[in-house]
Amino acid sequence: MGTDYETVLDGKSSGYLKSKAEVDSTNSATMMQMFKANRYKRKRVRLSSYIRTKNVKNSAGMWMGVEDTMGELVQLDNMSNRPVKGSTDWNHYSIVLDVPNNSTTILFGIILSGKGTIWANQFFLEEVDENIPTTNMQLQDEMLDYPVNLSFDN
């Protein structure tokens, strides 16, 4: 992992992750950053970046998560439902998450699972309107009003 001054976009250097050995899909690496969520509480934010890949066998992409006061991830999108694979030129990707009031930390970065190389360039974080749908991958469990299936029939 590091900074690549040769694989650039608009003259700007890139961050990259590269596997050095043959690895299986259960192995992954990430380059990340984290910061306080205070400025974004009760807001919807979009993280976007340009991503380029070379010979990605399993998956690559960017990711973002939001942690609550207990250190639990309450929002997450790691692009596993829309992974970048193979060799691609620079493409723009985005993640949209809500930042609940009890949030403390926002984490983001790029991820590489298996063999290959991923580059990232020009990250942006912006507040967006509620009309922009979230890409949150975590299901929000809704508390039931009463117990169900107590006899295990269904």
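Taking all Cα pairs closer than 8 Å and separated by 6 or more residues, the relative contact order of the chain comes to 34 percent.
Here the Karplus relation 6.51 cos²θ - 1.76 cosθ + 1.60, evaluated at θ = phi - 60°, turns the backbone of segment 65-81 into coupling constants of x, 10, 9, 8, 5, 8, x, 8, 6, 9, 9, 7, 9, 10, 6, 5, 8 Hz, with x for every Gly and Pro. Look at the alpha carbon pairs under 8 Å that are at least 6 residues apart: their mean separation over the length of segment 32-82 gives a relative contact order of 25 percent. Ordering I95, N78, M1 by Cα displacement along the dipole of the chain toward the positive end leaves M1 in first place; charges were set at the Cβ atoms of Lys, Arg (+1) and Asp, Glu (-1). Counting protein heavy atoms only, the chain has 49 percent of its accessible area on carbon and sulfur, 1.4 angstrom probe. 3J(HN,Hα) couplings calculated from phi for segment 101-110 with the Karplus curve 6.51 cos²θ - 1.76 cosθ + 1.60 (θ = phi - 60°) are, in sequence order, 4, 8, 6, 10, 9, 10, 10, 7, x, 10 Hz; Gly and Pro show x. Surface exposure of the chain, expressed per residue as accessible area with a 1.4 Å probe, stands at 63 Å².
Here, the chain yields an orientationally averaged convex hull projection of 12.5 nm² when only Cα atoms define the hull.
Computed over Cα pairs, the Kirkwood radius of segment 4-80 leads via Stokes-Einstein (1.002 mPa s, 20 °C) to a diffusion coefficient of 141 µm² per second.
Around the Cα centre of the chain, unit charges on the Cβ atoms of Lys, Arg, Asp and Glu (plus for the first two, minus for the last two) sum to a dipole of about 740 debye.
The values are calculated or read from the model by the stated rules, or taken from the named source; none is laboratory data. Here the structure is a predicted model, which is why all the values come from computation and not from measurement. Quick reminder, even Gly has a Cβ in these numbers, built from the backbone with ideal geometry, and neighbours come from all protein chains shown. Heavy atoms of the whole protein, side chains included, go into the accessibility calculation; ligands, DNA and RNA do not. Shrake-Rupley method; radii C 1.70, N 1.55, O 1.52, S 1.80 Å.
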